[in-house]
Amino acid sequence: MIQIFNNDKERTLHQTPFELITDQFDFSNHWVHLSNPTDKEIELISRLCAIPEEMIKAALDEEERPRIETEENITLTITDIPIIEEDDDRYTYSTLPFGFIVTDKLVVTVCINDTTLINDFIFGRVKNVSINKRTRFLLQFLYRVSTKYLQYLKQIDKTSQRIQAELEKSMKNKELIEMLELETSLVYFSTSLRSNTVVLDKLPKVTDFYEEDKDLWEDVGIENRQAIEMCNIYRDILSGTMDAYASLISNNLNIVMKVLTLITIMIAVPSMIAAFWGMNTGVPWEGKPYGFWIVIGISLVLCIVTGVIMFKKKMFK
């Protein structure tokens, strides 16, 4: 899908109908967004905007790492953005590469899936957007990416607390799997945020900032570092919690096995006596009316003695 925007003097975004796009269309100070584009759409934008197809396709590779590339006054910035994936009745968090291409005339963004980040700009949630100041637009986007990471990290923390509360009532595989998925999401976030830091550090070396944009660049760095710290804290907490629950599960299993072992020992004593007196050879009190009760009495005495010994050795605790 192709979306084309420009903004007026009040910095309000307006979408240009795709039907109006021709070979003579002037893309100056426009923003072209490609969401999961087809090969024909990529070829069309590459031809009309004079951008190599390789740059557009770079962000469509899910394994592409964040980086900055400059070629003939065209700068490609690939950054990882956070996304939410709906899986059955729960949500999982992951990251996707996002391409931000800046030329002398326009801005082109590329992503393999739809993302709420674009809607934040379209619906005016990001203020003072100026497409003609393309470097500032890039910094505003990167700032929004960092704040989105922080937002999702808070959601992960709340979800983790909810799952822990459920685990305190009863330990089920479902909750443990959710905890594992959250930990995996934090690993993805941490890796992507660190890669984004490399891009942010390199950005001033390949791009000329407006003087007033240096503060914005510093704010982006601060938000990104804060997201990294929060991610590391939540990951450590979640990892420690998983280890604690693993220890509890192992301890509960040991308790169950201990109880079953004690029950087996207690049952083994009368079973052994019954086996001795059930042999086809002559046994004491054979044929005597009171012989059965003597055998039962011996079994009970041995069970009591066994129970007392185990109690003194604190095996029931």
Among the stretch 91-130, those whose backbone N falls under 18 Å of a label point 7 Å along Cα→Cβ from GLU72 are 101-108
If one compares the long axis through the Cα atoms of helix 134-169 with the longest principal axis of the Cα atoms of the chain, the angle in degrees, nearest 10, works out at 10 degrees
Per principal axis, largest first, the Cα atoms of the stretch 219-317 extend in Å by 97, 28, 15
The helix 291-312 Cα axis meets the longest alpha-carbon principal axis of the chain at an angle in degrees, between 0 and 90 and rounded to 10, of 50 degrees
For the stretch 189-195, in residue order, the Karplus 3J(HN,Hα) values (coefficients 6.51, -1.76, 1.60; θ = phi - 60°; whole Hz; Gly and Pro = x) are 4, 4, 5, 5, 5, 5, 5
Taking the convex hull of the alpha-carbon atoms of the stretch 108-163 and averaging its shadow over every direction gives an area in square nanometres of 4.8 nm²
Counting sequence-distant residues (5 or more places) and residues on other chains, those with an amide H built under 5 Å from that of ASN29 are LEU106
Using the Kirkwood radius over Cα pairs of the chain, the Stokes-Einstein translational diffusion coefficient at 4 °C and 1.567 mPa s, in µm²/s and rounded to a whole number, is 53 µm²/s
To the nearest 10 degrees, the tilt of helix 39-49 (Cα long axis) against the first principal axis of the alpha carbons of the chain is 40 degrees
From the cross-link list LYS9/LYS133; LYS57/LYS148; LYS258/LYS313; LYS57/LYS105, the entries with a Cα-Cα span beyond 22 Å are LYS57/LYS148
Non-local residues with an amide H under 5 Å from the amide H of ILE81, with H modelled 1.01 Å from N and Pro and chain starts lacking one, are LEU96, PHE98
Checked the stretch 218-261 with the C-alpha gyration tensor, a ≥ b ≥ c its square-rooted eigenvalues, rounded below a/c of 1.5, otherwise prolate if a/b is larger than b/c and oblate if not; verdict prolate
In Å, the Kirkwood hydrodynamic radius from C-alpha pairs for the stretch 258-312 sits at 12.3 Å
The whole-number value in µm²/s of the Stokes-Einstein translational diffusion coefficient for the stretch 9-161, with Rh from the Kirkwood sum over alpha carbon pairs at 10 °C and 1.306 mPa s, is 96 µm²/s
Residue by residue through the stretch 222-229, the couplings from Karplus 6.51 cos²θ - 1.76 cosθ + 1.60 with θ = phi - 60°, in Hz, x for Gly and Pro, are 5, 5, 5, 5, 5, 5, 4, 5
Asserting the computed 222 nm helical MRE of the chain (DSSP H runs at least 4 long, -39500 (n - 2.57) per run, divided by residue count, to nearest 500) equals -20500 deg cm²/dmol
The alpha-carbon center of the stretch 37-73 and that of the stretch 123-155 are separated, in whole Å, by 21 Å
Of ASP213, ASP87, ASP39, the most mobile residue in a GNM of the chain (C-alpha springs, cutoff 10 Å) is ASP87
If every Lys and Arg gets +1 and every Asp and Glu gets -1 at its Cβ, then about the Cα centre the stretch 180-232 yields a dipole, in debye to the nearest 20, of 340 debye
Simple SL model, points at 7 angstrom along Cα→Cβ for LEU176 and PHE18; separation in nm is 4.8 nm
Candidate cut points under trypsin sites (Lys or Arg not before Pro) in the stretch 127-180, DSSP loop plus at most 14 other Cβ atoms within 10 Å of their own Cβ, are LYS127, LYS172
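Just so you know, all these numbers are worked out from the coordinates, no wet-lab data involved. Model, not experiment: these values are computed from the prediction. FYI the Cβ positions are ideal-geometry reconstructions off the backbone, even for glycines, and counts take in every protein chain you see.
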